[in-house]
Amino acid sequence: MKIPSNIITLIVGVVITLISLWYGQNHGLMPVAASYDATQVDGIFNFMMTIATGLFLLVEGTLVFCLIKFRRRPNDQTDGPPIEGNVPLEIFWTAIPTVIVFILALYSFEVYNTMGGLDPVISRDTPPQQIAMDGTHKQVALGIGTSVEESGDIAPLMVEVQGMQYAWIFTYPETGIISGELHVPKNRPVQLTIAATDVLHAFWVPQLRLKQDAIPGRDATLAFTANREGDYPIICAELCGAYHGGMKSVLYVEDEETYAQWEETNKPVQEASLDETVAVNPKKLSDGEFLSPYAQEMGIHKEILAQVHHH
Ligand code: CUA
């Protein structure tokens, strides 16, 4: 019995489609998605993976099939048939990739736009921090905003990120916290202002599917809303020197309570009492204040000291 070739083609097509659809969702190549934006990026990645799997199976399958089916038999010295050009076939295999590329372009642009790529600075009540460490104002011109769906009306948590050889420093202007790790509360929009002090670095959190260059002299902004608790690696993704590989930190996404606790324990001491302070910067004290503890030890009163100083 001979099965008609169009039936075989149909079955092969259905099988390839099913395998591609399954693999596109089950490739397991991505780390966990810790934000809504990450899910968006995964959507387009899975879509591309589906198409790529189908193309791979189709092209490689045809190749392997032809290698076996049309192999040279023993004692076969004849030439192959002289085939030259096939206009309908060429139109067909040009049109299909064109359509695929157009769909991908529209889809990726849609995701980029949803992530705020066209409007990186979030305009809300709190203006974005645009003052760099050296006090100069810089234009925030690069980066990615945050999903409109998710951010709502909550004011974003502002964090200044400084990349340097070979560390990341995170400054929280609202609380004055300076940290080597990035702590953020879950479900609250976070806006990073990323700068570099020496050379190019890149701030990369794979679980957020976000990567942004840290450029000396030019601030970039990056906004996200983490929606999954956990600790995720922050990696420098730009070869920046001998210890580039060691330029790592951690992003902690915590619940409200844990974050508030971290904020409380890491806040710089606001009113440092002189008695309790271990180290005092003498430059900030007057002569009298600086000398009084020693003077008392020697039995000299503050008044005498003031008189001596007067003459
Ligand atoms: Cu900083 Cu690589």
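Taken together, the values in this text are just the output of simple stated rules run on the coordinates, not laboratory data. If you're wondering where the values come from, they're calculated on a predicted model, not measured in any experiment. Counting neighbours? That spans all protein chains shown, and the Cβs are built from the backbone with ideal geometry, glycine included.
Compute the distance from the alpha-carbon center of region 1-76 to that of region 159-224, in whole Å. Going from one Cα centre to the other spans 40 Å. Computed from the C-beta positions of K69 and W22, the FRET efficiency with R₀ = 22 Å rounds to 0.20. Label zone of T62 (point 7 Å out along Cα→Cβ, amide N under 14 Å): in region 1-45 this covers 9, 13.
Give, in nm to one decimal, the length gained when the segment between T78 and F92 is fully stretched (0.36 nm per residue of separation minus the Cα-Cα distance).
Values: separation 14, 0.36 × 14 = 5.04 nm, distance 3.07 nm.
That pair, T78 and F92, stretches by 2.0 nm at full extension.
Here region 173-275 is treated as an ellipsoid with the same Cα gyration tensor; its semi-axes, largest first and in whole Å, are 25, 19, 13. Using a simple spin-label model with pseudo-atoms 7 Å out from Cα toward Cβ, M1 and A167 lie 7.6 nm apart. Give the Debye-formula value of log10 I(q)/I(0) at each listed q (0.12, 0.16, 0.21, 0.30 Å⁻¹), with one equal scatterer per alpha carbon of region 193-252, two decimals each. The calculated log intensity ratios at q = 0.12, 0.16, 0.21, 0.30 Å⁻¹ are -0.29, -0.50, -0.83, -1.32.
Which residues does the label zone of K211 cover in region 224-268, counting backbone N under 14 Å from a point 7 Å along Cα→Cβ? Flagged as within label range: 234-240.
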